[in-house]
């Protein structure tokens, strides 16, 4: 039993779908998370640009505005050169430094930066006042040395403040860099974790799906398929696997089992049929054997009766003194002969039924065979004033056939024609090639004929029809049946067309292959 | 030259206040108000130096600010540029080159823009005074950094308007600056 056998395929399919959907959802969520992390790094970078980076830019301008070429430089030039244009320059520098400091403060200040800014602002105020004093003293004609002694501004504090700001910015740079690095590392870790988790989940899902498909679907279907193949070969010895499953494959297995049961029942039925057939064949063989033995046992005394009756009829040992004896001995001879023919027919039918008849084929002149048969019947026909008209070519055609059986065929047909034709009737023989090359020999009489539904009966064993109608004619009812079988053994067809009281036409059709080309 | 230095720093500040940073430098109308207080002083000094008629000088000094409301930095800048043009007229007469008006008023104009242009006008006017006085005439006082709070663009506009009216009054009543003009433009 599979560990998942309690689940139906549909349920498991839903579970697999849910796992895959979860995987897809996790992928989307992780992508969203990573995107957010990257956005966060971007925001950090933007804040950095608007914070420390901007401060650095302002600080650079501040250094320029304060240092060489800047406010302090212009202030010193004012003292040394006492030129008022340096008042203008230094004062403008102070205005711009004020703007830069304001901008810097607006970005945001730490405590240290605030203290440094206050120092710088106070230094600016000192320079502002110093410029005014220096201007006044220069106007009064004081020397540069005198002015410098009065207006000297100590820049150490301002330099310390600038260094403090630079230090603060460096720290801010380091802190921000550390934060960004931390964020990037965290993003990397998360993305790696998500990547590995996704891989595990993806391969897990695929593996689980394949395992499930193999264990619960493919393997059972393969086993079921093999079982179906065995059943199609009518091998029902093994039970159908999977019929206990409570899922779709179980449904299939139970359906297959229905077919298997049908096969089992059919095999049982067929076995009984075979048994019945074998029983019937055994009975038939016993019957055939009995008939063959019986015929053999009958022919021996019949030959004695016929032979001795001929000796008596011929008067070999002296004439019969009484005509009645002659009449009786003729009757004995005819009855014996008829009985011998009947026995011979029965023997033939037995041989045919036991499939022991084999054709001994050779070239046969069909015209000659028909002539011989007519010669045999000529005396009887003449006695009854029956006209025998042979329209077939007496010299041919030549055919491949068993001469004895071919003779038996035409002898039976012609004998029947004469036998069932009233005195003064006609029997005619015609021979012609049909379209397609087959050879047809038809024997037509003007006898008592048969009804349409009686023809098939006449072609079956012991089927001499309408005993009442044929009552005055002797026969076992085997002749036409034997004729049909012998024609068919030659690959031909026996056709019978008849009308009651008008006559019968029997046509023997031999296939083209039987005809020997005269050329 | 002082103005070149001013323009360099102004360009730096303009870059810092540009859209790329998406952050105004934070200079307020109060800072601009301080500058125009000083510019008005330079205007009075200019009238003192150039107009002999004391009545006119008294009239200029007596002029007071008007009340304005709803003004925007762009309005202030537009009027400041007009005053700058008047100063350029005087500068040309004194053989000083006119200042360049490097910025035009627009909807995005900020107080920082106005501050930078105004500091240039102050420098221009003080330079004119230096050029027209001797060393005994003190100019450092025109750069005093006043501390104002909570001034609005309308307040600044009133001061700019006062400076403009004072200069125009002097021009109209003293024959000062017979050649009117507004500088060389942008």
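Residues B:128, A:45, ranked from the fewest to the most other C-beta atoms within 10 Å, line up as A:45, B:128. The ranking of A:399, B:76 by Cβ neighbour count inside 10 Å, starting from the fewest, reads A:399, B:76. By the count of other C-beta atoms within 10 Å, a proxy for reagent exposure, A:323, A:289 are ordered fewest to most as A:323, A:289. Look at where the Cα atoms of region A:297-340 and of region A:24-69 average out, and the two centres are 144 Å apart.
For region A:51-153, the relative contact order comes to 29 percent (Cα pairs under 8 Å, sequence separation of at least 6). Figure legend: label point modelled 7 angstrom from the Cα of residue B:132 along Cα→Cβ; residues of region B:49-77 with amide N under 15 Å from it are B:49-54, B:56-58, B:60-61.
Using the rule -39500 (n - 2.57) for each DSSP H run of four or more residues, divided by the residues of chain A, the 222 nm mean residue ellipticity is -24000 deg cm²/dmol. In this simple spin-label approximation, residue B:61 and residue A:384 carry label points 7 Å from Cα along the Cα→Cβ vector, and these lie 18.1 nm apart.
Look at the stretch A:120-129: the mean tally of other chain Cβ atoms within 10 Å of its residues' Cβ atoms is 1. Computing FRET efficiency as 1/(1 + (r/R0)^6) for residue A:211 and residue A:28, where r is the C-beta to C-beta distance and R0 is 22 Å, gives about 0.25.
Reported to the nearest whole Å, the Cα centre-to-centre distance from region B:101-146 to region A:136-171 is 24. Return the FRET efficiency for the residue pair residue A:43, residue A:106: r is the Cβ-Cβ distance, R0 is 25 Å, and the value is rounded to the nearest 0.05. It comes to 0.80. The calculated Kirkwood hydrodynamic radius for region A:220-323 is 19.7 Å, given to one decimal from all distinct C-alpha pairs. Dividing the mean sequence gap of close Cα pairs (under 8 Å, 6+ apart) by how many residues region B:26-174 holds gives a relative contact order of 51 percent. Expressed per residue, the C-alpha convex hull volume of chain A stands at 336 Å³.
For a paramagnetic label modelled at 7 Å from the Cα of residue A:229 toward its Cβ, which residues of region A:236-266 fall within the zone defined by backbone nitrogen distances under 17 Å? Within reach of a label on residue A:229: A:236-241. Work out the FRET efficiency for residue A:246 and residue A:513 from their Cβ-Cβ distance, taking R0 = 51 Å, and round it to the nearest 0.05. Once the sixth-power term is evaluated, E becomes 0.20. Its Cα gyration tensor gives region A:1-120 an equivalent ellipsoid, and the semi-axes of that ellipsoid, as √(5λ) in whole Å with the largest first, are 70, 11, 9. The simple spin-label model puts a point 7 Å past each Cα toward its Cβ; for residue A:432 and residue A:273 those points are separated by 4.5 nm. Modelled spin-label separation between residue A:150 and residue B:72, with each label point placed 7 Å from Cα along the Cα-to-Cβ direction: 5.0 nm. Kindly express, to the nearest 10 degrees and within the range 0 to 90, the angle between helix A:219-232's C-alpha long axis and the longest C-alpha principal axis of chain A. Its long axis makes an angle of about 10 degrees. Relative to the longest principal axis of the Cα atoms of chain A, helix A:71-81 runs at roughly 30 degrees. Per residue, the average separation of C-alpha pairs within less than 8 Å and at least 6 apart gives chain A a relative contact order of 9 percent. Relative to the longest principal axis of the Cα atoms of chain A, the long axis of helix A:9-50 makes an angle of roughly 20 degrees. Enter the Cα centre distance for the pair region A:489-519 and region A:234-286, rounded to the nearest angstrom. The two parts, judged by their Cα centres, are 47 Å apart.
Values in this text are rule-based calculations from the coordinates and carry no lab data. Small disclaimer: the values here were computed from a predicted structure and weren't measured. Using ideal geometry, Cβ is built from the backbone for each residue, glycine included, and neighbour counts are taken over all protein chains shown.
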